[in-house]
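Presented below is the structure to which this report refers.
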Amino acid sequence: MATHLTHWGAFEASSDGARLTEVRPWRGDPEPTPLISNVASAQHHPTRVDQPYVRRGWLEHGPGPGARGADEFVPVTWETALDLLAGELARVYREYGGEAVYGGSYGWASAGRFHHAQSQVHRFLNCLGGYVSHRNSYSLGASTVLLPHILADMGTIMARATTKSVLAGHSKLVVAFGGLSPKNSAVSPGGVSRHDTRGWIETARANGCRFVTVSPLRDDIPGEAQAEWIAPRPGSDAAFMLALAQVLDSEGLADNEFLDTYTVGYARFAEYLRGGVDGQVKDPEWAESITGVPAERIRRLAREMASTRTFITVSWSLQRAQYGEQPLWLGVVLAAMLGQIGLPGGGFGHGYGSAANVGLAVRLTSPPRLPQGANPVDDYIPVARIADMLLNPGGAYEYNGEHRTYPDIKLVYWAGGNPFHHHQNLARLRTAFARPDTVVVHDPFWSATARHADIVLPATMTIERDDYGAGEGDRFFFPMPALTTPHGQARDDYWMFAELAERLGVGKEFTGGRTTGEWLRYLYEEWRTRLLAKGHTLPDFDAFWSGEAIELPLEAEEHIAFADFRADPVSHPLHTPSGRIEIFSETIASFGYDDCPGHPVWREPDEWLGSPLAARFPLQLVANQPRTKLHSQLDIGDHSQSTKIRGREPVRLHPEDAAARGLATGDIVRIYNDRGSCLAGLAIDDAVRPGIAQLSTGAWYDPDPADPTHCRHGNPNAVTNDRGASRLSQGCTGQLSLVEIERHTGPLPDLTVTAPPRTTEL
Ligand code: PGD
């Protein structure tokens, strides 16, 4: 049995050399997840890319705009594929330079540090002359831009979050906006060694902590929390939070000493709360009319929050929406008003139910990683503006106080991500993907993005290559020797880039003269020597490689976020312009954005249950993260397939909404709005608030050939809106959109994404 790490947990496996014969959770994991079974069942699925392919139209007519996603693929040898691709890269760099290459290549790829696909593609493109990159993530688009202005950068907030053990020991009330979803905290970029969500919540309960979850979905928090469920209309959390703040302000419950010492701008915000700006007092009665939550309930919660040790956590999902900055900012403001930031069990957190890497012990070091080199091109886009960029070369847009212009992209290079999973309004993305001269994708699977490429190169899965890895912030570092041979002709991304680099005259620059094995040893030993100099002794490479997992040295087992700032705000100022928490930000105000002004506000989203559009599309679609897979990864795996309804992704509706439409569990339904539609299988469940349809992301996009706005499988991004959260962040807003649902009539169309695309020999 060898140990292996994935983004969703570690497992032990036996293999017959070609496939895994037994998989069981790593013995060190107290709460393992069933997602690990997707790996073995997916490995030799027909949707693995078995050899290199080139889109027929591209092969016949050469680079240029084309019908990507509708064409056949031609199998070619590695030699042919690499020669063709090297020739095209040489042409594009010669004629246009790196400014015409989009290499942002966003995506989670796989666990394993060396073969991390983004590191590989970026290092390679840097050797060629650079690329247009991306900023931020689909996970945290609004947060990453907002938080440095008002509190701290996202890296600090994640790595220096209050540890869960401190919350379990000291919090008396946890108010979780967006819940504490166990399905989300089962995953982490790079891997999770020990799942512990239920564990820390149980301990907190045993220590007398009460949980309140504010979410449209009751099961966004584990049963162990025995939480009180408050379900405002989705998208209205900012109004709910403003009313909590108004109660604290009007009843003298705000901690004025804390506000005076550690924050700036409270007076401006309080004026808005009190009605001084727009004539509207933001009291619970006002909030009730927006959120649907009784005023009395809001008032009681505010008083309770002020009376005990309270921790406020805001999930990442809340900011993945239009005006997503507002509830996040208000989480910070409420915590500041309670005056408990920096105290054990009190204050503000972000994402405790969003990924496993929030609230961990503080690590002294991260595992070794492949250097990416320097990118000579300084142009970038906010990551979720990919379709806008491809559709509007030279077009103007605003971002974080800058007036910017989109580059003119000729070549798109993707390794380790799936924009036809992660982006909004997929039919629009498909139109955008028709524009460049060439699209290159490396992927182990015929992902929807691979199906929209010109050159598709088959990548190995982690179990097919030597690597090592540790999740972000995770204390266990795993050797990951290959467990099987590669499927078909699949190769590691490193091998592909090394071959291309050689053809393009930068072989030595890319490989540094090392094989994979030599890199693994070199990076490890260099890192071990650095740690030794700091007094930490770790096993040598051979001992590490033949062992199970080693524990990384810690800086602190327990940590309280912003405790040093609280203790001495002069010696430990925040890295905000004022050095304090910014309840009013002069910087943001100076940008003049009405969609994100200088202090947090309530703004009515275009698509929420209170908007005029709800007359035609009366259900709020919540497109959250899936329970049976990570994003789109291994959707064809057995655990992911086990919850499909007649092959379609399940959508959950409240019994009242199903009855009003004459729908029954197991029906195939059509979810639609003006942008598009998708099929899904109906699950009726009173764990969703009335007025909500919950369809997780991750079903592989299966566009109807006659109408690509229609997905036959259940990908919610067929109907979501491709717009930025605000001009400040331009973050992804895929979480919420308005839809209607009806029974699908007529024969059920076959799925095509569970088989490879059409191929032809030339
Ligand atoms: P993944 O499915 O993880 O999705 O979007 P992301 O693109 O990260 O894609 C990873 C791809 O990499 C897969 O196709 C996988 O097969 C491939 N891959 C894995 N390992 C390797 C490798 O070693 N080499 C190569 N070449 N390829 C590899 C996720 C994104 O979706 C995120 S992070 C979020 S938070 C967003 N959430 C939402 C949302 O809440 N709502 C909507 N509507 N949309 C969202 N999209 C976003």
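The values are calculated or read from the model by the stated rules, or taken from the named source; none is laboratory data. Keep in mind it's a predicted model, so treat the numbers as computed, not measured. Reconstructed Cβ throughout: ideal geometry from the backbone, glycine too, with neighbour counts over all protein chains shown. Just the protein is used for accessible areas: all its heavy atoms, side chains included, with ligands, DNA and RNA removed. Shrake-Rupley method; radii C 1.70, N 1.55, O 1.52, S 1.80 Å.
Quick notes
- Within the chain, helix-based [θ] at 222 nm, where runs of 4 or more DSSP H residues each add -39,500 (n - 2.57), nearest 500: -8000 deg cm²/dmol
- Mean accessible surface per residue for segment 530-576, computed with a 1.4 Å probe while every protein chain stays in place, in Å²: 60
- Element breakdown for segment 234-303 at a 1.4 angstrom probe: carbon and sulfur atoms account for 45% of the accessible area.
- What the pair-distance distribution of segment 294-399 shows, using all Cα-Cα distances binned every 10 Å from zero, is 11, 25, 28, 22, 12, 3 percent.
- Net +/- balance of residues flanking VAL601 in space, Cβ distance below 14 Å, scoring K and R +1, D and E -1: -3
- The antiparallel fraction among DSSP beta bridges confined to the chain stands at about 50%.
- Radius ratio Rg over Rh of segment 323-462, counting only Cα atoms, Kirkwood formula for Rh: 1.06
- Cα gyration tensor shape of segment 260-304, rounded if a/c is under 1.5, else prolate or oblate by comparing a/b with b/c: oblate
- Net length gained if the chain between THR80 and GLU555 were fully extended (0.36 nm per residue, minus Cα distance): 165.9 nm
- In percent, rounded to a whole number, the relative contact order of segment 1-137 is 16, using alpha-carbon pairs under 8 Å and six or more apart.
- Rh by Kirkwood over Cα pairs, then Stokes-Einstein D for the chain at 0.692 mPa s and 37 °C, µm²/s: 123
- Apportionment of accessible area to carbon and sulfur, segment 1-156, percent (1.4 Å): 51
- Span per principal axis, largest first, for the Cα atoms of segment 500-637 (Å): 64, 52, 38
- Length added when fully stretched, LEU532-THR21, from 0.36 nm per residue minus Cα-Cα: 180.1 nm
- Full-extension gain in nm, ARG743 to ASP638, via 0.36 nm per residue minus C-alpha separation: 35.1 nm
- Listed residues GLU526, GLU257 arranged by accessible area, highest first, probe 1.4 Å: GLU257, GLU526
- Surface composition of segment 356-502: carbon and sulfur make up 45 percent of the accessible area, probe 1.4 Å.
- Summing +1 for each Lys or Arg and -1 for each Asp or Glu among the other residues whose beta-carbon sits under 15 angstrom from that of LEU653 gives -2.
- Mean accessible surface per residue for segment 39-189, computed with a 1.4 Å probe while every protein chain stays in place, in Å²: 27
- Label-point gap, in nm, between HIS572 and ASP686 - each point 7 angstrom along Cα→Cβ: 4.8
- Looking at segment 324-400, the accessible area is 23 square angstrom per residue; that uses a 1.4 Å probe and ignores ligands, DNA and RNA.
- For segment 1-121, the normalised intensity computed at q = 0.20 Å⁻¹ comes to -1.22 (log10 of I(q)/I(0), Debye sum over alpha carbons, equal scatterers, no solvent).
- Any cysteine of the chain lacking a neighbouring Cys Cβ under 4.7 Å - listed by number: CYS127, CYS209, CYS596, CYS732
- Approximating the spin labels as points 7 Å out from Cα along Cα→Cβ, the GLU548-to-GLU202 distance works out to 2.1 nm.
- HN-Hα J in Hz across segment 185-193 - Karplus 6.51, -1.76, 1.60, θ = phi - 60°, x for Gly and Pro: 7, 7, 10, 7, x, x, x, 10, 8
- Shape class of segment 80-144 from the Cα gyration tensor (axes a ≥ b ≥ c, square roots of the eigenvalues): oblate, since a/c reaches 1.5 or more and a/b does not exceed b/c.
- Residues whose placed amide H lies under 5 Å from that of THR21, excluding near-sequence neighbours: SER14, SER15, ASP16
- For segment 629-747, the square roots of the Cα gyration tensor eigenvalues, ordered a ≥ b ≥ c, give a/c below 1.5, which places it in the rounded category.
- The Cα center of segment 411-437 and the Cα center of segment 98-121 differ in position by 15 Å.
- Distance histogram for segment 229-382 (every C-alpha pair counted, 5 angstrom bins, percent rounded to whole numbers): 2, 8, 15, 19, 18, 13, 8, 5, 5, 4, 2, 0
- Its Kirkwood hydrodynamic radius, worked out from the mean inverse distance over all distinct Cα pairs, puts segment 27-83 at 14.7 Å.
- Candidate lysines for bridging to LYS183, where Cα separation is under 20 Å - those fewer than 8 sequence places away on the same chain excluded: LYS164, LYS629, LYS644
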